[in-house]
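Heads up: the structure comes next, in C-alpha cells.
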Amino acid sequence: MPIDPDFPRNHKVLGKVQHADGEHFYFAWGPGKAAEATEDENVKAAYEARGEKLEPLGVHGTMVAVDWDSCVADGACLESCPVQVFQWYRTEKDIPAKDVINETWTGSGETAKDDKKDYTDKAQVVREYDCIWCMACVSVCPPQAIVVDQSNLEFHEKAAGTFSEALSKSAQPPPHGDHKQSPF
C-alpha cells in the first residue's frame, strides 16, 4: 500500500528529528502501520539478524515524506535525488529505527544506493529543506513510499508552532470574483 498522501491530516506528530545545524528539522508522523517492509523477505531477515523487532515506524518528513513502514531499503530515491535530500540513517547512527525520533543528525550518512548497512536501514529525509521539488524520488520508489508536497508546509509550521494565519491568507489569491478587471 502506498504512503497515505493525506498523512498530515490522518496522523499526529510522534516527534522531531533535529539537524545538527540547530535550524532545520523534520517531523515523524504516526501511528505507523504494518506495510510492505513487514512482508519483504530481505527486510524481515535483516531485522532478525540484528535481533530487532520489526514494528510500525510511521512517516518521516512533511514536505518530503517517506513512509518507513513501506520503505524496503531499495535506495532508488537516494540514487535519483540530485540534491541529496536523503541519507541512509544507519550509516550515520547505527541505532534501531524506533530510536531515530528526538535524535540530532549531522547529515553525514551515506547517500549512495548501495551503501546501506542492511535492509533495516531507511531513507532518511535529513535534508528535507534542500528539496527542489523535482519528484524524481517519487517516480522511482518501488513501494510508493514517498510523497513530495510543498503544500504540506502548513502542517509542518502548525506542528512547529510557527504558522501564521495572516501570512497564509496574504499569500493566497483573492476568492473568485474579487479579481480586478484588466483595462486591456
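Just so you know, all these numbers are worked out from the coordinates, no wet-lab data involved. Computed from a predicted model, the values in this text were never measured in an experiment. Cβ coordinates were reconstructed from backbone atoms using ideal geometry, including for glycine residues, and neighbour counts include every protein chain displayed.
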Under a point-charge model restricted to the Cβ atoms of Lys and Arg (+1) and Asp and Glu (-1), what is the dipole moment magnitude of segment 7-170 relative to its Cα centre, in debye to the nearest 20? 440 debye
Measure of size requested: the Rg and Dmax of the chain, with Cα atoms as the atom set and Å as the unit; please supply both. 17.9, 72
Those cysteines in the chain that have no second cysteine Cβ within a distance under 4.7 Å are CYS71, CYS81, CYS131, CYS134, CYS141
If I stretch the segment between ASP114 and SER139 completely, what's the gain in nm (0.36 nm per residue apart, minus their alpha carbon distance), one decimal? 7.1 nm
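If you average the sequence gap of Cα pairs under 8 Å that are 6 or more apart and divide by the length of segment 7-170, what percent do you get for the contact order? Don't skip to the answer; put the middle values down first.
Numbers: 326 pairs, mean separation 43.5, N = 164.
Over segment 7-170, the number comes to 27 percent.
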Starting from 0.36 nm per residue, how many nanometres of slack lie between GLU154 and MET1 once their C-alpha separation is accounted for? 52.5 nm
Angle check, please: helix 41-50 long axis (alpha carbons) against the longest principal axis of the chain (alpha carbons), in degrees 0 to 90, nearest 10. 60 degrees
Under a cut-off of 19 Å between alpha-carbon atoms, report the lysines in cross-link reach of LYS113, not counting same-chain residues fewer than 8 places apart. LYS93, LYS122
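Mind pulling up the Rg/Rh value for segment 94-160? Radius of gyration and Kirkwood radius, both on Cα.
Taking Rg over the Kirkwood Rh, I get 0.96.
Counting other C-beta atoms within 10 Å, and keeping those with at most 16, which DSSP coil trypsin sites (Lys or Arg not before Pro) do you find in segment 89-127?
On the way: sites: ARG90, LYS93, LYS98, LYS113, LYS116, LYS117, LYS122, ARG127; in loops: LYS93, LYS116, LYS117, LYS122, ARG127.
When the trypsin sites (Lys or Arg not before Pro) of segment 89-127 are filtered for loop state and at most 16 Cβ neighbours within 10 Å, LYS93, LYS117 remain.
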Tell me, how many Å apart are the Cα centres for segment 84-103 and for segment 1-39? 13 Å
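Subtract the Cα-Cα distance of ALA34 and ASN10 from 0.36 nm times their separation in residues, and report this length gain in nm to one decimal.
On the way: separation 24, 0.36 × 24 = 8.64 nm, distance 1.59 nm.
Length difference between fully extended and current span is 7.1 nm.
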